[in-house]
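Here is the structure we will look at.
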Amino acid sequence: MGFKMTYPCSGVILAGGLSTRFSGRNKALIQVGGRSVLDRICSLFQELFDDIILVTNEPLRYLEWDLTITTDMFPVRSSLTGIHAGLFAATRPYAFCTACDTPFLKKEVVEMVLERLGGGHDVIVPEISAGFEPLCAAYSKRCLEVMARHIAQEQLQIKRLFRKFRVRTVSEQRLLEKDPDLLSFFNINAPEDLVKAERLLAGALS
């Protein structure tokens, strides 16, 4: 295997959600097609990043994975808190962040974000008809101070932060070229989503 770190970016997986709609089950360890979602994301990230970080408040559950494990720095459960912790721990100027419940994240979609790094932009984020996809986006270390301030003030909406940053988007039209059904943004939030994921996978394999 050749040198894989092409981009000035760490990979961050957020595994700190409460899973309230999944009866508290750990969504990172849910099996889809006989393989955990975390395994699927790790395999993808290993092709793109040489610095992979898992943000979790239950680090002992993930010791079998070859990952850098970090925890939230603020006692507030939110995606923004997780992004901040992962970005803080990143060894690269940027961190690409995804949630731990995205079984169909495509390498080509991640690469579309990574190809737009630099140019003075603070955030590179996909934008589809439903809006921004902040958990499939890259953030610059320059974002840390503003993120920390918002978390301390319990202003936890990620999209509100974008007004304060230089944001570059990846258009839905471009995304559809690589991911026609936009499955990279499919999350397993509830049991019915797991049923759908299994059906989608079965359809892809049939």
For Rg/Rh (Cα atoms, Kirkwood Rh) the list reads [x] 0.94; [y] 0.98; [z] 1.11; the calculated value is entry [x]
Protection proxy ranking of 127-136, 173-182 - average other beta-carbon atoms within 10 Å, highest first
127-136, 173-182
Compute the relative contact order of the stretch 55-103 as a whole-number percentage, counting only Cα pairs closer than 8 Å that sit 6 or more residues apart in sequence.
29
Per DSSP helix of 4 or more residues, -39500 (n - 2.57); summed, then divided by the residues of the chain. What does that give at 222 nm, rounded to the nearest 500?
-9000 deg cm²/dmol
A 1.4 Å probe over the protein heavy atoms gives the chain a carbon and sulfur accessible-area percentage of 48
Which parts of the stretch 95-132 would a label at VAL146 reach, counting a residue when its backbone N lies under 12 Å from a point 7 Å out along Cα-to-Cβ?
121-124
Work out, step by step, the length gained on full extension between ASP39 and ALA130: first 0.36 nm times the residue separation, then minus their alpha carbon distance; give nm to one decimal.
30.0 nm
Cross-link table LYS27/LYS141; LYS27/LYS164; LYS141/LYS164; LYS107/LYS164, entries beyond 23 Å C-alpha to C-alpha
LYS27/LYS141; LYS27/LYS164; LYS107/LYS164
Computed over the chain, the relative contact order (Cα-Cα under 8 Å, seq sep at least six) in percent reads 24
Mean accessible area per residue over the stretch 1-143 (1.4 angstrom probe, all protein chains present, square angstrom) is 42
Using a cut-off of under 20 Å, list every residue of the stretch 173-196 whose amide N is near the label point 7 Å from the Cα of GLN46 along the Cα-to-beta-carbon line.
none
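The values are calculated or read from the model by the stated rules, or taken from the named source; none is laboratory data. In this text, all values refer to a predicted model and were calculated from it rather than measured experimentally. As a convention, Cβ positions derive from the backbone with ideal geometry for all residues, glycine included, and neighbour counts pool all protein chains shown. The accessibility values were calculated without ligands, DNA or RNA, using every heavy atom of the protein model including side chains. Shrake-Rupley method; radii C 1.70, N 1.55, O 1.52, S 1.80 Å.
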